[in-house]
Amino acid sequence: MTGYAVATSECAAGTLTIEIKSVNSRFLDLQFRINDELRALEPDLRAAIMGAITRGKVEARLSFGRKVAGGSQVLNASLLADLARLQSEVGQHFASAPQMTVAELLRWPGVIEEAQVGQESLQADVAALTTKTVAAFVDSRRREGAALEAMLVSRIDAMDAIVKRITPLIPQVISQFQQKAVERMQDALGMAGHGNPSTLTRQEVFERIRQEVTLYGIRIDVSEELSRLSAHLTETRHILKKGGQVGKRLDFMMQELNREANTLGAKASVKELADASMELKLLIEQMREQVQNLE
């Protein structure tokens with residue numbers, strides 16, 4: 001599930017910023033981008049995020065911008081002394097070499113040192129900002145979850161309508177096919193027995209027809225599949241309404257719905273049932289893509 005939140009906090013030594021964003025993923029994948037001086041605080045940020053969500057590819061950024069003013073910067077006297085010595089030695093070999101300017105000295109790496117920030121104070125500031133950012137991040141995912149729930153409910157309604165549309169057709173389909181099967185088998189057995197006194201008796205012919213038609217009727221009867229589809233759709237609604245961490249339970253329901261839709265297609269004996277199976281599988285696939293994004 002996608003989500004985004006960013007928050008900043010002003011502390012004594014500078015500005016803290018935490019940014020959390022996520023994209024869809026079936027599993028929880030955490031990535032952190034943190035200033036080196038704050039790297040020790042990564043476990044606390046990781047624990048806070050893992051305690052709030054269970055799915056998504058999450059990227060968290062923790063940065064710290066020090067204040068320039070306020071006397072927090074000092075010169076590295078030892079390094080300046082080394083630079084002065086080295087410059088003097090270079091001048092002995094190259095008399096025409098220009099002297100380093102003040103601006104060049106100040107830009108030299110390590111010449112300006114920043115006052116150390118109290119780690120305990122910084123950790124407390126990061127913890128407070130983490131709580132605020134994670135709460136905003138969860139809220140953003142909750143809003144998207146509500147939109148996804150509405151989409152899933154609409155697909156469930158569409159599937160319910162399909163099941164209700166084709167359920168009354170089943171007895172009619174079976175009756176029509178049984179009638180046609182009886183006629184075809186009577187013709188076939190009659191022609192096979194014509195002029196042959198050793199063929200089956202009339203009673204045996206009708207018994208054979210009854211058995212074949214009964215078996216065929218069982219094979220094309222999809223009443224049980226439609227009943228299970230209705231039950232699975234009812235359970236899916238219940239899971240969504242109950243809320244909480246529904247992702248894995250809905251994953252399972254999508255598997256069960258797809259199983260019944262496939263069986264319906266395999267047993268379809270008329271175009272209406274075959275079309276209904278395709279419609280159901282399309283809706284299930286649309287749901288499956290979104291279900292993988294839910295907690």
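The values are calculated or read from the model by the stated rules, or taken from the named source; none is laboratory data. Only a predicted model underlies this, so the values are computations on that prediction, with no experimental measurement involved. Neighbour counts are summed over all protein chains in view; Cβ atoms, including those assigned to glycine, are modelled from backbone coordinates with ideal geometry. The protein model used for the area step is the full one, side chains on, heavy atoms only, and it has no ligands, DNA or RNA in it. Shrake-Rupley method; radii C 1.70, N 1.55, O 1.52, S 1.80 Å.
Contact map, region 227-244: first residue farther than 14 Å from Ala150 by Cβ, second residue surrounded by fewer than 16 Cβ atoms within 10 Å (Cβ to Cβ), Cβ cut-off under 6 Å, separation 6 or more or different chains; pairs are Leu233/Asp160. The set of residues from region 223-243 being within 14 Å of Ile156 (Cβ to Cβ), of a type outside the set (A, V, I, L, M) and either open to solvent by 20 Å² or more (accessible area, probe 1.4 Å) or more than 25 Å from the chain's Cα centre (by Cα) (or both) comprises Ser230, His232, Thr234, Glu235, Arg237, His238, Lys241.
Scanning region 127-166 for residues that are of a type in the set (S, T, N, Q) and crowded, with 16+ Cβ neighbours inside 10 Å, we see that the one that is farthest from the chain's Cα centre (by Cα) is Thr130. Has region 278-293 got any residue that is open to solvent by 20 Å² or more (accessible area, probe 1.4 Å), touching a Lys or Arg at 6+ places or on another chain (Cβ under 9 Å) and in a loop (DSSP other than H, G, I, E, B)? Yes, region 278-293 contains at least one residue that is open to solvent by 20 Å² or more (accessible area, probe 1.4 Å), touching a Lys or Arg at 6+ places or on another chain (Cβ under 9 Å) and in a loop (DSSP other than H, G, I, E, B). Considering region 18-59 alone, what residues qualify as being without any contact (Cβ under 8 Å) to a residue 60 or more places away in the chain, β-branched (Val, Ile, Thr) and touching a helix residue (DSSP H, G or I) at 6+ places or on another chain (Cβ under 8 Å)? Scanning region 18-59 gives Ile34, Val58. In region 96-121, the qualifying residues are those that are of a type in the set (S, T, N, Q), modelled with pLDDT of 85 or more and open to solvent by 100 Å² or more (accessible area, probe 1.4 Å), and the one that is farthest from the chain's Cα centre (by Cα) is Ser96. Within region 1-60, the set of residues being within 14 Å of the chain's Cα centre (by Cα) and part of a loop (DSSP other than H, G, I, E, B) comprises Met1, Thr2, Asn24, Ser25, Arg26, Phe27, Ile53, Thr54, Arg55. The set of residues in region 245-258 that are open to solvent by 10 Å² or more (accessible area, probe 1.4 Å) and either within 15 Å of Arg228 (Cβ to Cβ) or part of a helix (DSSP H, G or I) (or both) comprises Lys248, Arg249, Asp251, Phe252, Met253, Gln255, Glu256, Asn258. Open to solvent by less than 50 Å² (accessible area, probe 1.4 Å), in a helix (DSSP H, G or I), touching a Lys or Arg at 6+ places or on another chain (Cβ under 8 Å) and of a type outside the set (Val, Ile, Thr): which single residue out of Ala274, Ala261 fits that description? Selected residue: Ala261, the only one of Ala274, Ala261 that is open to solvent by less than 50 Å² (accessible area, probe 1.4 Å), in a helix (DSSP H, G or I), touching a Lys or Arg at 6+ places or on another chain (Cβ under 8 Å) and of a type outside the set (Val, Ile, Thr).
Close Cβ contacts (under 7 Å, 6 or more residues apart or on different chains) running from residues in region 125-150 that are under 18 Å from Gly244 (Cβ atoms) and in contact (Cβ under 8 Å) with a residue 12 or more places away in the chain to residues that are open to solvent by less than 20 Å² (accessible area, probe 1.4 Å) and of a type in the set (S, T, N, Q) comprise Leu148/Asn293. The numbered conditions (1) at pLDDT below 85; (2) assigned to a strand (DSSP E or B); (3) open to solvent by 60 Å² or more (accessible area, probe 1.4 Å) are all true for Gly65 except (3).
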